[in-house]
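We did not get these values from a lab; they are worked out from the coordinates using the rules stated. Keep in mind it's a predicted model, so treat the numbers as computed, not measured. Methodologically, a virtual Cβ is constructed for each residue, glycine included, from the backbone with ideal geometry; neighbour enumeration extends over all protein chains shown.
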Amino acid sequence: MARTMAEKVWEEHVVRRADGEPDLLYIDLHLVHEVTSPQAFEGLRLAGRSVRRPDLTIATEDHNVPTADLLAPIADPVSRKQVETLRKNCSDFGVRLHPMGDIDQGVVHVVGPQLGLTQPGMTVVCGDSHTSTHGAFGALAFGIGTSQVEHVLATQTLPMQPFRTMAVTVNGTLQPGVSAKDIILAVIAKIGTGGGQGYVIEYRGEAIEALSMEARMTVCNMSIEAGARAGMIAPDQTTFDYVQGRPHAPRGAEFDAAVEHWKSLRTDEGAEFDAEVVLDADELSPFVTWGTNPGQGVPLDAEVPDPASYEDPSARAAAEKALKYMDLRAGTPMREVRVDTVFLGSCTNGRIEDLRTAAEIIRGRRVADGVRMLVVPGSMRVKEQANEEGLGQVFLDAGAEWREAGCSMCLGMNPDQLKPGERSASTSNRNFEGRQGRGGRTHLVSPQVAAATAVRGTLSSPADLDAQ
Amino acid sequence: MEKFDVHTGRAVPLRASNVDTDQIIPAVYLKRVSRNGFEDGLFAEWRKSDPDFVLNRPEYEGASVLVAGPDFGTGSSREHAVWALQNYGFKTVLSSRFADIFRGNSLKGGLLTVLLPQEVIDRIWDAVEADPATEVTVDLVNREVRAPGVQESFELDDYTRWRLLEGLDDIALTLRHTDEIGAFETTREPWKPVTL
């Protein structure tokens, strides 16, 4: 029978299947960070259990760590204790850790692919919803809770409920200035924050195939914002070229054997998806959010929508509530929305290509008066590479802050936060109330829009700069 | 894990859709390394900034059933959202749609999340708002929710129901199959990466 890629990868990992029970799936790679793991390790200790496969586990410090002044001890004692707890847990249980200051430290979803640990056909889990990022390689990658983190540590498996499959096909070609971020924001606006619930999404079509590996990660990263369990893209030559030569990639004959297998993972001709969504890349333009969930987005050329235009009473109420929180008035052109902060970074858009794109736009220009721009590389390797390419200097010359690696203002857990009433254009993934700091207001944007907005001070595309 | 069979308690009507886990518990409350004490973070911002927020109203004090709008628990995978609800005193959450990861976390941790049609949620909201002393019963044995004027069955797979009724720990159940896990491991492709 013709099968989808997700079904193939799932089948390859079934350890046990029994009537009336969820399938028990084997986990190839478990990524660990400081925030969702302490209670899991404590659970192991209390039960006298060990980590079954420390050699399939890797940890880093990202959510909670400061991105300035690496050498100083973490000022917040509660944050410090959490980071120290991870260090002790990794040491006690024999788990490899990349701590602050290490060249391989960074946002967990940037670190895995960079090391070549994320490969096609694998099952990847992490106590973080953006684990869907790794699906860009044709891996089946799920975000999990702390109880499941403990379960994977103890057994290297997870009992998983069956899923449904959804194809999101993006035909055509992206116009200049339009990026992977705009694709995924448009997908979420189309299907809604609950549209993907219960589904593993496979992104396909010529616009997806044309994307670089890093851009594919941006798309898969935000699958969770559409409510999906995971997002995947079929591995192809772009994928193989990206993996080859990385520290943990197979070498020589093993690489060739792996590629042969990876090619077999593609969805079979004639395989049926439970749902299908189609978009035309030619029609996409830079996308921005106006509300407090990632589905509340419009093209940058559009205006803040009128809640009265929603037929569904629940959507209307949500829009009214969002506009009140965001302090926006219906009918205001999105381009007139003024920001005081620009955040470039996160597991969505903190990789080297994102920094290159933004630096190219900002080169020789200045961040607008009254605007603070924070550039936070996704990992210390990304930072090193950016510095080698002179990008760090471009940001500094423009008046931006060039920080150390971490999740930073994406979730406002470390000191990088918006103050009440502040407004950001952010390349991150969530515009929830207070997400970037209590009372802060977030507009989700692409790196292109972030850079142009930093220069103009209002939500802008690079084309607006050229017009000046 | 505490067993769940039948629970009866007063209910809180949370008339909002898309209540994400950043609202259930903001990130700044996730720094603790323990599994309890998260009740202060539950809906922290709404409790602080809105005196009319439903949990600030005295008539709902001590309620143990949360009746929420659609798409409850979207966003982050933080299980702290489940712990915060439990630490605060909630035993069960009713909604017409839950985000997947939140739902998974809740059922692992013994917080019973119950899927009901929105029309039934609306009726429970109306009943509870008309009389906050209204009691709602969530009966896992018969897979049924009961409130004045409401008797509605709900779906939950047999395996999860059994695990909750018995209060069983998933890890212990899986460890019964260690031999099968070991056998599977011998079949893994040699090119798959290791971290050590």
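Simple rule: put +1 on each Lys or Arg Cβ and -1 on each Asp or Glu Cβ in region A:266-412, find the dipole, and look at A:ALA317, A:PRO294, A:ALA358; the Cα lying farthest toward the positive end is A:ALA358. Around the Cα centre of chain B, unit charges on the Cβ atoms of Lys, Arg, Asp and Glu (plus for the first two, minus for the last two) sum to a dipole of about 520 debye.
Adding -39500 (n - 2.57) for every DSSP H run of four residues or longer, then dividing by how many residues chain A holds, sets the calculated 222 nm ellipticity at -9500 deg cm²/dmol. Relative to one another, the C-alpha centroids of region A:175-194 and region A:21-72 are positioned 31 Å apart.
Each of A:LEU444, B:LEU115, A:LEU117 was scored by other Cβ atoms within 10 Å of its Cβ. Arranged with the fewest first, they read B:LEU115, A:LEU117, A:LEU444.
Once you order the gyration tensor axes a ≥ b ≥ c over the Cα atoms, which shape class does region A:318-361 get: rounded for a/c under 1.5, otherwise prolate or oblate by comparing a/b with b/c?
Values: a/c = 3.41, a/b = 2.15, b/c = 1.59.
Since a/c reaches 1.5 and a/b is larger than b/c, the shape of region A:318-361 is classed as prolate.
Region B:113-176 and region B:28-76 have Cα centres spaced 20 Å apart.
Give me the angle, in degrees from 0 to 90, between the Cα long axis of helix B:100-109 and the longest principal axis of the Cα atoms of chain B, rounded to the nearest 10. Taking the Cα atoms of chain B, the angle to B:100-109 is about 90 degrees. Treating each Cα of region A:420-464 as an identical point scatterer and summing with the Debye formula, the log10 of I(q)/I(0) at q = 0.15, 0.19, 0.21 Å⁻¹ comes to -0.35, -0.54, -0.63.
Of all alpha-carbon pairs in region B:8-124, indicate the percentage at a distance above 19 angstrom.
Details: 2706 of 6786 pairs.
The answer is 40 percent, as a whole percent.
What's the longest piece of chain A with no exposed trypsin sites (Lys or Arg not before Pro), counting a site as exposed if DSSP puts it in a loop and it has at most 14 other beta carbons within 10 Å? Answer from the scan: A:18-250. Between A:HIS13, A:LEU56, A:THR341, whose Cα lies farthest towards the positive end of the dipole of chain A when Lys and Arg beta carbons carry +1 and Asp and Glu beta carbons carry -1, centred on the Cα centre? Among A:HIS13, A:LEU56, A:THR341, the one farthest towards the positive end of the dipole of chain A is A:THR341. Here chain B is treated as a Stokes sphere of Kirkwood radius computed over C-alpha pairs; at 25 °C and 0.890 mPa s its diffusion coefficient rounds to 136 µm²/s. Rounded to the nearest 500, the helix-only mean residue ellipticity at 222 nm of chain B stands at -9000 deg cm²/dmol, with each DSSP H run of n ≥ 4 adding -39,500 (n - 2.57). Note on chain B: with a GNM built from Cα contacts shorter than 10 Å, the maximum mean-square fluctuation among B:ALA44, B:ALA133, B:ALA183 falls on B:ALA183. With the highest mean first, a sort of the peptides A:191-198, B:162-169 on other beta-carbon atoms found within 10 angstrom per residue produces A:191-198, B:162-169.
By the count of other C-beta atoms within 10 Å, a proxy for reagent exposure, A:LEU56, A:LEU25 are ordered fewest to most as A:LEU56, A:LEU25.
Kindly put B:TRP83, B:TRP125, A:TRP402 in sequence by how many other C-beta atoms sit within 10 Å of each C-beta, fewest to most.
Details: B:TRP83 26, B:TRP125 18, A:TRP402 21.
Ascending number of Cβ neighbours within 10 Å: B:TRP125, A:TRP402, B:TRP83.
Think of region B:50-181 as a dipole: +1 on every Lys or Arg Cβ, -1 on every Asp or Glu Cβ, centred on the Cα centre; then among B:LEU112, B:ALA63, B:SER77, B:SER77 lies furthest on the positive end. Could you tell me whether region A:152-256 comes out rounded, prolate or oblate from its Cα gyration tensor? Rule is a ≥ b ≥ c as square roots of the eigenvalues, rounded for a/c under 1.5, then prolate if a/b exceeds b/c, otherwise oblate. Verdict is oblate for region A:152-256. Length gained on full extension, A:GLU11 to A:LYS419, computed as 0.36 nm times the residue gap minus the Cα-Cα distance: 142.1 nm. What would the Debye formula give as log10 I(q)/I(0) at q = 0.10 Å⁻¹ for the alpha-carbon point model of region A:285-422, no solvent? At q = 0.10 Å⁻¹ the computed log10 ratios are -0.41.
Calculate the FRET efficiency for A:ALA317 and B:LEU165 from the Cβ-Cβ distance with a Förster distance of 30 Å, rounded to the nearest 0.05.
Numbers: r = 37 Å, r/R0 = 1.23.
Efficiency for this residue pair is about 0.25.
Note on region A:365-410 and region B:86-101: Cα centroid distance 40 Å, given to the nearest whole angstrom. Once you divide the Cα radius of gyration of the protein assembly as shown by 2.2 N^0.38 Å, the number left is 0.91.
In debye, nearest 20: dipole of chain A around its Cα centre with unit charges on the Cβ of K, R (+) and D, E (-)? Kindly include the intermediate steps, with their values, before the conclusion.
Details: 45 positive and 63 negative charges, 254 e Å.
I would put it at about 1220 debye.
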